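For reference, the structure is listed below as structure tokens.
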Amino acid sequence: MQALWMVLGSFFFATMAVGIKVAGASFNTFELIFYRGVVSVIFMALVMRSRGIGIGTTVPMMHAWRTLIGVISMGFWFYGIAHLPLPTAMTLNYMSSVWVAAFIVGGAVMYGKTEGQGPLMATVLASFAGVVMLLRPTLEQDQLFAGLIGLLSGMGAALAYLQVTALGKIGEPEGRTVFYFSVGSAVVGAGGMLFTGMSAWSSVSWQAAAWLLPIGILASLGQWCMTRAYSRGSTLLVANLQYSGIVFGSVYSLLLFGDRIPLIGWAGMGLIVASGLAATVLRTRALPGTPAEEH
């Protein structure tokens, strides 16, 4: 099933997050965005060449919009991470799946097709409830602006995912979509470094430097899987399965960083997994392609 590519992509993104956590001790945010983008550009260029995929496209504005909104969303998310508790920032960003569901169901209603949307929407909301149980986000009064930025990061990510779906519908190769996004990431990272400066390599730990290459490759693989999932799978189902990244990240946190997961956190993970399975079953029984997804 094409939507299951999102589970693999979530695993790559969660593994990449481990590298970012380690490398973040020596590099600032814009440096990480830049190095991730550069490595991803080189990696995707080699992959595209081996597959005979050119970089030329007949829809440059669609790629430009996907890249622009995706990079802005990433920047908002990093701002949220810097100014909010990490669980809160992650929860707000993972509201992207809720936004995707809202856009899809709203579009289906506009096109007069409402049957079959409610149960899928319910699985997305149930998964988000599992995320809240697992991460237990908090927000202080002086963090309202940062919270708004974090909320916008989720909405921006949802718009980027829908644009990925649109690119897939017109037959754009996944590799080309990821390539242009990587170029945009590298450009934004380089621009940010002009203001924040670069870390002195003499102060960089070897563990942080060793993660720069894997971060870029894992980002490329994660973006590729995510792009394929949104391009070829049911949008609502893919949005739900995206929450599996929270489960992978929590397991990494438990095994590698010694973080403890309380009972309510384990219950949240179980709810996420159960909701994903329920969404998969519902989608396999449903009619393909809602009008909202087609448009």
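The values are calculated or read from the model by the stated rules, or taken from the named source; none is laboratory data. Because the structure is predicted, anything quoted here is derived from the model rather than measured. All Cβ positions, glycine included, derive from the backbone under ideal geometry; neighbour counts span all protein chains shown.
L46 satisfies every condition listed in (1) touching a helix residue (DSSP H, G or I) at 6+ places or on another chain (Cβ under 7 Å); (2) over 25 Å from A166 (Cβ atoms) except (1).
Taken across region 155-175, residues that are farther than 23 Å from Q2 by Cα and modelled with pLDDT of 85 or more do occur, with at least one present. Scanning region 177-201 for residues that are surrounded by fewer than 20 Cβ atoms within 10 Å (Cβ to Cβ) and either farther than 26 Å from A23 by Cβ or hydroxyl-bearing (S, T, Y) (or both) yields T196, S199.
Restricting attention to region 124-166, the residues that are part of a helix (DSSP H, G or I), touching a residue at least 40 places away in the same chain (Cβ under 8 Å) and of a type outside the set (A, V, I, L, M, F, W, C) add up to 11. Just to be sure before I move on: is L282 touching a Leu at 6+ places or on another chain (Cβ under 6 Å), at pLDDT below 80 and over 26 Å from Y180 (Cβ atoms) in the structure I sent? For L282, the condition - touching a Leu at 6+ places or on another chain (Cβ under 6 Å), at pLDDT below 80 and over 26 Å from Y180 (Cβ atoms) - is met.
A quick yes/no check of all residues on (1) among the small types (G, A, S); (2) more than 17 Å from the chain's Cα centre (by Cα):
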| residue | (1), (2) |
| --- | --- |
| E140 | no, yes |
| G154 | yes, no |
| G171 | yes, yes |
| V187 | no, yes |
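Note on region 103-125: among residues that are at pLDDT 80 or above and under 19 Å from the mean Cα position of the chain (by Cα), the one that is farthest from A279 (Cα to Cα) is L125.
Of all the numbered requirements in (1) part of a loop (DSSP other than H, G, I, E, B); (2) without any contact (Cβ under 8 Å) to a residue 24 or more places away in the chain, A210 misses one, and that requirement is (1).
Condition first: in a helix (DSSP H, G or I), closer than 21 Å to F27 by Cβ, of a type in the set (S, T, N, Q) and modelled with pLDDT of 75 or more. Can you find one or more residues in region 42-56 that meet it? No, because not a single residue in region 42-56 is in a helix (DSSP H, G or I), closer than 21 Å to F27 by Cβ, of a type in the set (S, T, N, Q) and modelled with pLDDT of 75 or more.
Scanning region 135-192 for residues being of a type in the set (K, R) and closer than 22 Å to A219 by Cα gives a total of 1.
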